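The values are calculated or read from the model by the stated rules, or taken from the named source; none is laboratory data. Every value quoted in this text rests on a predicted model; they were computed, and no experiment measured them. Cβ placement follows ideal geometry from the backbone for every residue including glycine, while neighbour counts extend to all protein chains displayed. Quick note on the areas: whole protein, heavy atoms, side chains included, nothing else; ligands and nucleic acids left out. Shrake-Rupley method; radii C 1.70, N 1.55, O 1.52, S 1.80 Å.
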Amino acid sequence: MEQHVNDIMTIIKRMRKTISKESSKKLDLNKCERVVQRLESFSASCVEYEQYQVKLKDHLIQLEANVDEMNTDFNQHKKVIQCIVSHLQKEHKLVPEGMYLTLYMSIGMSLGMVFGFTVFDNLTLGLPIGMSMGIAIGAGLDADAKKKGNTI
Ligand SMILES: [Zn+2]
């Protein structure tokens, strides 16, 4: 099983050097690598672990062969990665990086608007206060999740 991880990492490393910058950006190889590493950290407890590894490896082999051609299907790539990401989120309780920030910022903004309206009778006053509070809380939770190794 470890062989798959090594193979995948080797392909990613090789692609970094060989493919065009544009393709590299579209493929988001950093994320790809993080997903592989996160998946690997559940190798002992995940029943579908090997299945996902093989799927990703097969996909990358195909991709590497065609990546700089006009008909490269980047959506297919995103789908494969997303499929593993949602498994990690659902089954292993991981969160995407920066998720809490986005979440709490929008909660803070809505609360700020409500408070601004009801308490200060001023919608525009509550909004930035709520937003900055939401950002502070969200960033804290993001940092915490990252420290615990719970982010993808
Ligand atoms: Zn799993």
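Does D73 meet the test of being away from the ligand (no atom under 15 Å from the Cβ), of a type in the set (D, E) and surrounded by 13 or more Cβ atoms within 10 Å (Cβ to Cβ)? Even if it seems obvious, please write down each step before you answer.
Values: away from the ligand (no atom under 15 Å from the Cβ): yes; of a type in the set (D, E): yes; surrounded by 13 or more Cβ atoms within 10 Å (Cβ to Cβ): no.
In short, no.
When the criteria are applied in full, K26 fails the requirement of being out of contact with any helix residue (DSSP H, G or I) (no Cβ under 7 Å at 6 or more places or on another chain) and in a helix (DSSP H, G or I).
Would you say I84 is in a helix (DSSP H, G or I), in contact with a Leu (Cβ under 7 Å, 6 or more places away or on another chain) and among the aliphatic types (A, V, I, L, M)?
Working: in a helix (DSSP H, G or I): yes; in contact with a Leu (Cβ under 7 Å, 6 or more places away or on another chain): yes; among the aliphatic types (A, V, I, L, M): yes.
It is true that I84 is in a helix (DSSP H, G or I), in contact with a Leu (Cβ under 7 Å, 6 or more places away or on another chain) and among the aliphatic types (A, V, I, L, M).
R38 passes every criterion in (1) crowded, with 17+ Cβ neighbours inside 10 Å; (2) among the charged types (D, E, K, R); (3) out of contact with any Leu (no Cβ under 9 Å at 6 or more places or on another chain) apart from (3).
Quickly run through region 76-102 and pick out the residues that are on the phi < 0 side of the Ramachandran plot, open to solvent by 60 Å² or more (accessible area, probe 1.4 Å) and within 16 Å of the ligand (Cβ to nearest atom). Across region 76-102, the qualifying residues are Q82, Q89, K90, E91. Here is the figure for region 115-131: residues that are modelled with pLDDT of 90 or more and surrounded by fewer than 14 Cβ atoms within 10 Å (Cβ to Cβ) total 1.
M105 - would you say it is surrounded by 16 or more Cβ atoms within 10 Å (Cβ to Cβ), at negative phi and modelled with pLDDT under 95?
Here the answer is no, as M105 does not meet what is asked.
Within region 45-66, take every residue that is away from the ligand (no atom under 16 Å from the Cβ) and of a type in the set (D, E, K, R) and give me the one that is most open to solvent (accessible area, probe 1.4 Å). The extreme case among them is D58.
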